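The values are calculated or read from the model by the stated rules, or taken from the named source; none is laboratory data. Bear in mind that the values here come from a model prediction, so they are computed numbers and not experimental data. Using ideal geometry, Cβ is built from the backbone for each residue, glycine included, and neighbour counts are taken over all protein chains shown.
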Amino acid sequence: MFKSIVTRALSLLFVYALIVACQEEKKIRINFPPTDLAKENLIPKPLKVIPTNKAFGLDRYTAIYTTPDNDGFAEVGQILADKIKKKLDLDVPVNAAGDVPIERIIYINQSDSLELNSPEAYQLYISQDSVILNSNTAEGAFRGIQTLRQIIPEESNDTLAEQRIWPIPSGKITDNPNFGFRGSMLDVARHFFSVKDVKKYIDLLAYYKINVLHLHLSDDQGWRIEIKSWPKLTEIGGSTEVGGEAGGFFTQEDYKEIVAYAAKHYMTIIPEIDMPGHTNAASVSYPFLNGNGKTPKLYEGTRVGFSTFDTKKDTVYAFIDDVVREISAITPGPYFHIGGDESHVTKKKDFIYFVEKVEKIVQKHGKRMIGWDEIASANIDSTSISQYWSNGKNADKAIKRGMKVILSPAKKTYLDMQYDTLSKHGLHWAAYIPVDSAYVWTPEEYEGIPMENILGVEAPLWSETISNIDELEYLAFPRVIGYSELSWSIEENRNWENFKVRLANQAPYLDRMDVKYYASPLIDWKKSKYTYKEIKKD
Ligand code: TNX
């Protein structure tokens, strides 16, 4: 304890000495044209921004230092350096010892200040000589560097000058999320998406401070995760997908790779095995599971609600125990999603019996159960979570049980809903969801669900109509960027007219990341120097 206080005091002293040295020598303190931090195109909008109208010059004499000996801070510093390198082709050293020429520093500091009252909270103090990022945890620091990434300009002061400097507007940002749970779901069951695709989605979501990725790992059309004790699930059940293509699945090693990648981005993976309905692929692999009385065959269509597990057999629960055990063992996050939606061919009483039994299995393996809103008709624990997608009555039942609710109303948050009648992909059974309609609603007051019951917001991307990453991006972007703001920023800070402008300015980033977003005509997209696809035919 004493040692760590001494180390911290020394490191702080070192940083202040550096700052003072920079100030005293007044090496290159360039007077940039006036800046306004409040006009930066930040998404999600931070809680508070106070501009001071000067600028920090990021250049090759800038260095990053972090609190030493604290879990994750140095790694966050390195991530920032890597991102700066990718964006500007500028090398910024991290915790460099010895004699490096430094004029300005970015210091990522662990702080116990009471103002930093949640793990994701952070403060950014940007002055001419230093950027100080304070946070209680490395997670907060990680959210903070996303803000910094967004305000580092793509262009330097003068691309021809020998010493290129990227001016960062000065001021103070205080930030903290409104909801601790900010998610998206990807359906890898209707169409399979590779580890590479999932990682790209994680990169993009993390930039907008989304911290949950829910993977829909099984459905009628495919089983997508290796279960070592039941190998036919993937051998047979993973062999196809909607439309009859080859399908695919994640080995447990693949899944672990995704989980580790998400963890590096301070993102929780929620695995979902949908049951007792949406289980045709499992029953084709192991017909004893089947409870609908028909001989199961591989299914490549898009109907829902025709399959069910046999809810009365002990062997079915032994199977589920194995599946939940194997997946839970490689899932560090606290949740296991059991699906539970649209079990149209399961008798109501059997459904209830099933959900109650499976809840116990999930708890036995150390996880908190999540299910689609239908699960609240069973007598389940207040610690289980209901994911609201369509039925207000089910939400009421969940609230009466004291459960938390994840808001995913189909007519507002379903990323697979078409933008309008001209959309190339997607469905429209719940609504057409143009970019403004996706953003203009109030999760804090949705259908009378009390704020204290709301865990957060999640935008699901079902994949009946999309089969590759370009199509995924077309439906997810730009709408998912709006959901990041709906779940991070408080209501007073949200405004469509203002968001629209900030969204338009995401084009250079999205283009640089080669995201095939839907260039909605509602947005006056900013042109960028990257391979901007001038004519987005959509
Ligand atoms: C409803 S939402 C479903 C999914 C479909 C989706 C298509 C929910 C819990 N179930 O099985 O993929 O609609 O929009």
Restricting attention to region 428-447, the residues that are more than 13 Å from the ligand (Cβ to nearest atom), touching a residue at least 12 places away in the same chain (Cβ under 8 Å) and either assigned to a helix (DSSP H, G or I) or hydrophobic (A, V, I, L, M, F, W, C) (or both) number exactly 11
Among (1) farther than 21 Å from Tyr509 by Cβ; (2) in contact with a strand residue (DSSP E or B) (Cβ under 9 Å, 6 or more places away or on another chain), Ile202 falls short only on (1)
Look at Asp254 and say whether it is charged (D, E, K, R), surrounded by 24 or more Cβ atoms within 10 Å (Cβ to Cβ) and either over 24 Å from Lys357 (Cα atoms) or not assigned by TED's automatic domain parsing to the domain that holds Gln150 (or both). no
Arg190 passes all but one of the listed conditions (1) basic (Lys, Arg); (2) part of a loop (DSSP other than H, G, I, E, B); (3) surrounded by fewer than 19 Cβ atoms within 10 Å (Cβ to Cβ); (4) in the same structural domain as Val304 (by TED's automatic domain parsing); the exception is number (3)
*Return yes when Val242 is within 16 Å of the ligand (Cβ to nearest atom), more than 27 Å from Glu356 (Cβ to Cβ) and touching a residue at least 12 places away in the same chain (Cβ under 8 Å) and no when it is not.*
yes
All conditions in (1) away from the ligand (no atom under 14 Å from the Cβ); (2) out of contact with any helix residue (DSSP H, G or I) (no Cβ under 8 Å at 6 or more places or on another chain); (3) not in a loop (DSSP other than H, G, I, E, B) are true of Leu475 except (1)
For region 85-105 the number of residues that are closer than 15 Å to Gln146 by Cα and in contact with a helix residue (DSSP H, G or I) (Cβ under 8 Å, 6 or more places away or on another chain) is 1
For strands (runs of 3 or more DSSP E) lying entirely in region 345-407, having 1 or more residues that are among the charged types (D, E, K, R) and either more than 16 Å from the ligand (Cβ to nearest atom) or farther than 19 Å from Tyr317 by Cβ (or both) picks out 368-372, 404-407
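Per-residue answers, yes or no, for (1) among the aliphatic types (A, V, I, L, M); (2) surrounded by 18 or more Cβ atoms within 10 Å (Cβ to Cβ); (3) closer than 23 Å to Ser528 by Cβ:
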position	(1), (2), (3)
Asp36	no, no, yes
Lys54	no, yes, no
Asp59	no, yes, yes
Asp69	no, no, no
Lys87	no, no, yes
Ile105	yes, yes, no
Tyr122	no, yes, no
Ile126	yes, yes, no
Q: State whether one or more residues within region 414-427 are assigned by TED's automatic domain parsing to the domain that holds Val198, of a type in the set (A, V, I, L, M, F, W, C), within 21 Å of Asn211 (Cβ to Cβ) and in a loop (DSSP other than H, G, I, E, B).
A: yes
Conditions (1) more than 11 Å from the ligand (Cβ to nearest atom); (2) in a loop (DSSP other than H, G, I, E, B) -> Thr465 fails only (1)
- Query: Given the structure, is Phe336 closer than 14 Å to Ile225 by Cβ, among the aromatic types (Phe, Trp, Tyr) and in contact with a Ser or Thr (Cβ under 9 Å, 6 or more places away or on another chain)?
  - Reply: yes
